[in-house]
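Enquirer: First the structure, which I've put down as structure tokens, then a few questions once you've had a look.
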Amino acid sequence: MNKSIFKITPCFEDIMPDEYKELVESDPFGKGLGVSQLGTYKELLEEHPLCAGCGLALSLRLILASLPNPEDTVIVGSTGCSALAFPQVALHNIHSVFGNQNAVASGLKRALKLRFPDKVKDVVVIAGDGATADIGLDMVMQSWFRCENITTIMLDNEAYANTGGQESGMSPQGTVLNMAPKGKKFPKISMPEIARESGCAYVAAISPAQPKRLEKMVRRAILTAREVGPSYVQIFSPCPTNYKFKPQEMVARIKQREKEGFFKSKEYITTEAQEYLAGLEEGKKDE
Amino acid sequence: MDRVQRPVEASQLLFESERAPAFITGSEAVMEAIKRANVDMAIAYPITPQSESMHLIGDLYAKGYLKDYYRAENEFAVMAAIHGASLGGGRVFTATSGPGTLRAMEMFPVWAGSRQPIVCAFMCRGVSLPPSIQPENIEMGMLLDTGMLMLHAENVQDFFDMLLKAYLIAEKPDVHLPVGVFVDGFFVTHTRETVMLPPDDLKLLPYDPENSPVPVFDMETPPMRITRDPLLNKSNFISYAANASWHQEVLAAAERARKHLAQYLGGLLEVENPNAKIFIAASGTAVSQGREALKDLLDAGLDVGLIKIKSIRPFPVNELQEATKNAELIVVPEFNAGGWLAKEIKATLNENNRVVAGPRVFGGMTIPKELIISEIHNALNRQNQRL
């Protein structure tokens, strides 16, 4: 992206919205900023309409702050709570219909490769657990089988939250939710393992309770997808509204689940991705 | 690549260059059209009777005419990936048939709503149940209000020309909508015909995504609220009005396509014997069967004409009213059980008791000319009894 394209034409400053002016004045594009610098620049998410204490909202802010190349990143989303926040994200982002996100991203990435052969254009899918593990699972897995150069990030709030709190494949076994009136009958889907076995070169599971680790994993996933192969990051982002806990308890809830052994962070890296990332990370240390 | 191609103005490729005959099938005509269309990328998924054409597109890719091509996982995913590739600024192509069309259904209004100049060939066939892989075009009736432009080819020559012209019409900045080019499966896809082809060392100029009325998703324009959520999110009047006006603009864009269709197709319909009192009105291969019936009816001394409807969306409302203003009987033969074309015609014309919705043939049979002839005789007898 050429940054000059979003400068404000002189004499139009007074009619441009404040958030746009802030973006022009202190944008994060091309500056190599990250989670540690949050608060010192204009975030790519301008407010959001998600519930108080929403794990997705915090995760989204952290993901956007972690993008290695925000000025040339296009996001593909899907239907769900996160889709409500995307109109307020200052990146090109696509939401077509429910579940087709990895197919859309496959076509998009290939077209961008053709049009910009000498430039890196990162395509990152950010979708909920229903979109990723249920309705879109075939297209998610097929994009991995085909070794598409895209990153898939699942925001796992363990339910269909936007439609009123129904069971998803990622809800814990036994949970009573809408459409699971007697409790969910089968365990949480093992998506990281499915991703590992389906051709992802880099797989991670993490939560927003560990922002620096989350940042590292998102960056590794996107860098791996550029050169090595598809990557997957699963972000545990509990839903206070449907699991009925207080907004301020979100991070404590994640830590409690971790302590009980229901959630743990993971990282699976193929040898090829490991060598590639080690090269990049080594190079960064030398700078 | 067999040969180096030169991008030229559409008028040169379509109208000025000398054409040579080729004895080819409809599937081969698809390949010949896409070869000259300067397409960036195609995505395929097998289904009868479409498959052969997409094999041939794969061969084009292997020879270097296309830059990317792959076999996707199902038709919904194909249409979604085509949507993604087009959002990224590529000129794209795909094709499907019957059940594949229905599997992908959710994506077609998305293409139109996203104002994407996607060209898709539909090799129409029966849909289950009862199952049939045979020619039938009920799927067209299901796509009438998806927002895409719909052209119905009668034969292999039409199929070739309409596919190539579809890109030109789809990519006009005042249109910028998907175009479906439809044929009745097997009758056109698997039948060999002599087709006049322009030279294959010429191709269309490349697609310029900068001419699009909506931004390309490549982070080369300022970030802004451009996908569907601003039109969906809020429960208030401004959201509803934004949604409605966007929708109206899609419909208006289809209306604006009329002049381009007139330019490239020579009109949305064609009429033989314009002064006749009786008309056979049809689209697709039913036109060919109607033409056979027409010969016999004229030999028998009846005052009959033929209306070939080429554009289904937009529908030739004024042209049809004009063509039938003195007609007393309009018989509409169709290859489907629903009779969608007859319904369209009835909704278009005054005094629509002149319209006979039939004969309708489905399940794989052809329409014998005798069936059309007897439909006309039966209708005339009914009219005489009423008198």
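The values are calculated or read from the model by the stated rules, or taken from the named source; none is laboratory data. If you're wondering where the values come from, they're calculated on a predicted model, not measured in any experiment. Here the Cβ is made from the backbone with ideal geometry for all residues, glycine too, and neighbour counts use every protein chain on show.
Enquirer: Kindly evaluate A:Ala52 against the criterion of being at the interface with chain B (Cβ under 9 Å from one of its Cβ atoms) and in contact (Cβ under 8 Å) with a residue 60 or more places away in the chain.
Expert: In short, no.
Enquirer: State all residues of segment A:123-143 that are more than 7 Å from every other protein chain (Cβ to nearest Cβ), surrounded by fewer than 24 Cβ atoms within 10 Å (Cβ to Cβ) and either farther than 23 Å from A:Ser171 by Cβ or not aliphatic (A, V, I, L, M) (or both); if no residue qualifies, say none.
Expert: The one that is more than 7 Å from every other protein chain (Cβ to nearest Cβ), surrounded by fewer than 24 Cβ atoms within 10 Å (Cβ to Cβ) and either farther than 23 Å from A:Ser171 by Cβ or not aliphatic (A, V, I, L, M) (or both): A:Asp134.
Enquirer: Okay, next question. May I ask you to say which residue of B:Phe237, B:Phe217, B:Phe160 is aromatic (Phe, Trp, Tyr) and within 30 Å of B:Ser51 (Cα to Cα)?
Expert: Among B:Phe237, B:Phe217, B:Phe160, only B:Phe160 is aromatic (Phe, Trp, Tyr) and within 30 Å of B:Ser51 (Cα to Cα).
Enquirer: Going by the structure shown, is B:Arg71 basic (Lys, Arg) and under 21 Å from A:Gln142 (Cα atoms)?
Expert: yes
Enquirer: Go over the candidates B:Gly180, B:Gly185 one by one and state the one that is more than 21 Å from B:Met41 (Cβ to Cβ) and more than 14 Å from every other protein chain (Cβ to nearest Cβ).
Expert: Only one candidate passes the filter, namely B:Gly185.
Enquirer: Then there's this: Identify all residues within segment A:122-151 that are in a helix (DSSP H, G or I) and in contact with a helix residue (DSSP H, G or I) (Cβ under 9 Å, 6 or more places away or on another chain); write none if there are none.
Expert: Selection gives A:Asp129, A:Ala131, A:Thr132, A:Ala133, A:Leu137, A:Asp138, A:Met139, A:Val140, A:Met141, A:Gln142, A:Ser143, A:Trp144.
Enquirer: Here is a further query. Restrict the check to segment A:55-68 and report whether at least one residue is hydrophobic (A, V, I, L, M, F, W, C), outside any helix (DSSP H, G or I) and away from chain B (no Cβ under 14 Å).
Expert: Taking every residue of segment A:55-68 in turn, none turns out to be hydrophobic (A, V, I, L, M, F, W, C), outside any helix (DSSP H, G or I) and away from chain B (no Cβ under 14 Å).
Enquirer: Taking segment B:314-350 on its own, how many of its residues are over 30 Å from B:Ala253 (Cα atoms) and among the acidic types (Asp, Glu)?
Expert: Residues in segment B:314-350 being over 30 Å from B:Ala253 (Cα atoms) and among the acidic types (Asp, Glu): 1 in total.
Enquirer: Is it the case, given these coordinates, that A:Leu33 is within 26 Å of A:Asp156 (Cα to Cα), more than 14 Å from chain B (Cβ to nearest Cβ) and part of a loop (DSSP other than H, G, I, E, B)?
Expert: Yes.
Enquirer: Is one or more of the residues making up segment A:71-89 without any contact (Cβ under 8 Å) to a residue 12 or more places away in the chain, under 25 Å from B:Ile82 (Cα atoms), more than 10 Å from chain B (Cβ to nearest Cβ) and not in a helix (DSSP H, G or I)?
Expert: no
Enquirer: Identify, please: which residue in segment A:102-120 is more than 7 Å from chain B (Cβ to nearest Cβ) and among the basic types (Lys, Arg) and is, among those, surrounded by the most Cβ atoms within 10 Å (Cβ to Cβ)?
Expert: It comes out as A:Lys109.
Enquirer: Do we have any residue at all in segment B:185-195 that's loosely packed, with under 15 Cβ neighbours inside 10 Å and either among the basic types (Lys, Arg) or at positive phi (or both)?
Expert: yes
Enquirer: Further question on the same structure: Of the residues that sit in segment B:36-72 and are acidic (Asp, Glu) and at the interface with chain A (Cβ under 8 Å from one of its Cβ atoms), which one is surrounded by the fewest Cβ atoms within 10 Å (Cβ to Cβ)?
Expert: Going through the qualifying residues, I end up with B:Asp68.
Enquirer: Name the single residue that is nearest to A:Glu158 (Cα to Cα) among those in segment A:171-206 being crowded, with 17+ Cβ neighbours inside 10 Å and among the hydroxyl-bearing types (Ser, Thr, Tyr).
Expert: Ranking the candidates gives A:Ser171 first.
Enquirer: Next question. Any idea which of (1) modelled with pLDDT under 95; (2) farther than 25 Å from A:Glu167 by Cα is the one A:Glu260 doesn't satisfy?
Expert: (2)
Enquirer: Okay, moving on. Search segment B:4-28 for residues that are over 10 Å from B:Leu202 (Cβ atoms) and pair each with any residue that is in a loop (DSSP other than H, G, I, E, B) and among the charged types (D, E, K, R) when their beta-carbon atoms are under 7 Å apart and the residues are at least 6 apart or on different chains.
Expert: B:Val4/B:Asp201; B:Phe23/B:Arg192; B:Ile24/B:Arg192; B:Thr25/B:Arg192
Enquirer: Would you mention how many residues in segment A:257-272 are over 17 Å from A:Lys188 (Cα atoms) and in contact with an Asp or Glu (Cβ under 9 Å, 6 or more places away or on another chain)?
Expert: The number of residues fulfilling the criteria is 1.
Enquirer: Which of the residues that make up segment B:340-360 are surrounded by 21 or more Cβ atoms within 10 Å (Cβ to Cβ) and in a loop (DSSP other than H, G, I, E, B)?
Expert: Residue satisfying the conditions is B:Pro359 alone.
Enquirer: Condition (residue is within 13 Å of chain B (Cβ to nearest Cβ), touching a Ser or Thr at 6+ places or on another chain (Cβ under 7 Å) and within 22 Å of A:Asn69 (Cβ to Cβ)) applied to segment A:4-15: is it met by at least one residue?
Expert: Among the residues of segment A:4-15, at least one is within 13 Å of chain B (Cβ to nearest Cβ), touching a Ser or Thr at 6+ places or on another chain (Cβ under 7 Å) and within 22 Å of A:Asn69 (Cβ to Cβ), which makes the answer yes.
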